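Below is one structure, written out as structure tokens; the observations come after it.
The values are calculated or read from the model by the stated rules, or taken from the named source; none is laboratory data. Values in this document were obtained by computation on a predicted structure and should not be read as measured data. Note that we place each Cβ from the backbone using ideal geometry, even for glycine, and neighbour counts take in every protein chain shown. Please note that ligands, DNA and RNA were not included when accessible areas were found on the heavy atoms of the full protein model with its side chains. Shrake-Rupley method; radii C 1.70, N 1.55, O 1.52, S 1.80 Å.
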Amino acid sequence: MAVKKIIIAIDGHSSCGKSTMAKSLAQELGYVYIDSGAMYRVVTLYALRNGLINNGVPDTKKIIGELKNIKITFKWDELAGKNTTFLNGENVEEEIRRLEVSQNVSPISTIAEVRHEMVKQQRENGKNKGIVMDGRDIGTVVFPDAELKIFMTASPEIRAQRRFDELNQKGVEVDFAEILENVEGRDQIDSNRKVSPLKKADDALILDNSNLTREQQLKWTLERVKEKTEGK
Ligand code: DC
């Protein structure tokens, strides 16, 4: 009998390890992994490169007009053991993680037309199930019928410290206070925007990982997957 494949939606605050968990989960299950945040980051990068964001204010009309020229794809990088994000065929995985993109992505993600286009592409990816997608509105808007929904969170200080360590490890010089401000600022915008605000779906399970290791989280989530696929 074929194993039942499901859709796993992982939502939550920024920098609480959603991508890391979603990636490990997909690898463990042999599922496709889609980082929906990377898609909003690609649009932001494109807008920055083309002078469509001035002093943090996006030129909404022009950005909407450019959406047709932004092709986002993902490829599994065997060597690095991770997903790589492409903008019109160019590998932009590193660039979309830079602070300048992080600082400008929230306003971009509040543009209804941008969201509409991203959601369309995200649903396309989930057609055949067997997918783990992480973001802010996956369980509420993109896949309201997902079989397993998880809402991840951790304290802002712990999240800022993790991002600080991650960037430091890559040799990027950063200021902790600036990172914390960015984390808290994004929480504010993500949770209060009019279109698809970050909010726990009624049927999502909460996973606060402030005091959990990656292994503990993965184990907990795999148990939840088992319950859904084996009907326990
Ligand atoms: O997960 P991340 O930090 O890479 O996300 C980048 C930004 O994109 C974040 O500010 C919120 C936004 N986002 C969103 O609005 N909806 C999603 N499904 C994923 C991300």
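Tabulated values for the structure
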item: Region 29-46-region 75-138 distance, computed between alpha-carbon centres (Å); result: 2 Å
item: Simple label model, 7 Å out from Cα along Cβ direction - Asp175 to Lys228, nm; result: 4.2 nm
item: Accessible area of the chain belonging to carbon and sulfur atoms, whole % at 1.4 Å probe; result: 50 percent
item: Relative contact order of the chain, pairs being alpha-carbon contacts under 8 Å that are 6 or more residues apart, as %; result: 33 percent
item: Measure of compaction for the chain (Cα Rg per 2.2 N^0.38 Å); result: 0.98
item: DSSP bridge orientation in the chain - percent antiparallel, rounded to nearest 5; result: 35 percent
item: FRET E, pair Glu78, Ser155, Förster distance 41 Å, beta-carbon r, rounded to 0.05; result: 0.70
item: Solvent-accessible area per residue for region 81-172 (1.4 angstrom probe, square angstrom); result: 44 Å²
item: Amide H contacts of Gly135 (H built 1.01 Å from N, under 5 Å, at least 5 apart or other chain); result: Ile10, Asp11, Gly12
item: Label point distance in nm, Glu66-Glu94, each placed 7 Å from Cα along Cα→Cβ; result: 2.2 nm
item: Listed pairs Lys120/Lys170; Lys62/Lys120; Lys71/Lys219 exceeding 31 Å between Cα atoms; result: Lys120/Lys170; Lys71/Lys219
item: Segment Glu28-Glu215, extension gain: residue separation times 0.36 nm, minus the distance between their alpha carbons; result: 66.1 nm
item: Computed lengthening from Leu205 to Asn192, 0.36 nm per intervening residue step minus Cα-Cα distance; result: 2.6 nm
